[in-house]
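The values are calculated or read from the model by the stated rules, or taken from the named source; none is laboratory data. All of these numbers come straight from a predicted model, not from anything done at the bench. Here the Cβ positions follow ideal geometry from the backbone for every residue, glycine too, while neighbour counts run over all protein chains shown. For accessibility, only protein heavy atoms count, side chains too; no ligands or nucleic acids. Shrake-Rupley method; radii C 1.70, N 1.55, O 1.52, S 1.80 Å.
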Amino acid sequence: MSTPATDTGDGRVDGDTTLAALSHASALFASFLGPILFLILADDDDELVTQNAKNSLNFQIVVFAALMLAAVLSFVFVGLLLFPIIAVVDLVLVLLATVKANDGQVYSYPFTPDIV
């Protein structure tokens, strides 16, 4: 189904671009479960899907932590302003990552540590 991932020299990696893009897009509907599912479904030799799913999962962990912080801060009404900001940032970055992954690139979210 997919081919082994190899670097093409222009920043792109050969692999199943559809699964790589879906690993990001699935986070919009199933926050953690989507990227975990694609991490499990990825072939062992498909580095494009594996790296994109890991990056997506790392970002969703950061988003979850930000939402928990906003929930705590909502008691002083600061968190109420953070919820829509977090939602918009999540949506924009996931859509950007989906497009980049569909082009065959491994997208790394900004300010996201490698947790997984």
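Matching residues to (1) modelled with pLDDT under 95; (2) open to solvent by less than 70 Å² (accessible area, probe 1.4 Å); (3) over 15 Å from the mean Cα position of the chain (by Cα):
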residue: Gly15; (1), (2), (3): yes, yes, yes
residue: Thr18; (1), (2), (3): yes, no, no
residue: Leu28; (1), (2), (3): yes, yes, no
residue: Phe75; (1), (2), (3): yes, no, yes
residue: Ala97; (1), (2), (3): no, yes, no
residue: Tyr109; (1), (2), (3): no, yes, no
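The set of residues in segment 37-51 that are surrounded by 15 or more Cβ atoms within 10 Å (Cβ to Cβ) and outside any helix (DSSP H, G or I) comprises Ala42, Asp43, Asp46.
Pairs meeting the criteria (first residue in segment 17-33 and of a type in the set (S, T, N, Q), second residue outside any helix (DSSP H, G or I), beta carbons under 7 Å, at least 6 apart or on different chains) are Thr17/Gly104. Tell me whether segment 89-104 contains one or more residues that are in contact with a strand residue (DSSP E or B) (Cβ under 8 Å, 6 or more places away or on another chain) and over 19 Å from Val116 (Cα atoms). Yes - at least one qualifying residue is present in segment 89-104. Taking the numbered list (1) crowded, with 16+ Cβ neighbours inside 10 Å; (2) over 21 Å from Ala21 (Cβ atoms); (3) of a type in the set (Phe, Trp, Tyr) in turn, Phe64 passes all entries but (1). In segment 99-113, the count of residues that are free of Cβ contacts under 8 Å to residues at least 24 places away in the same chain and assigned to a helix (DSSP H, G or I) is one or more.
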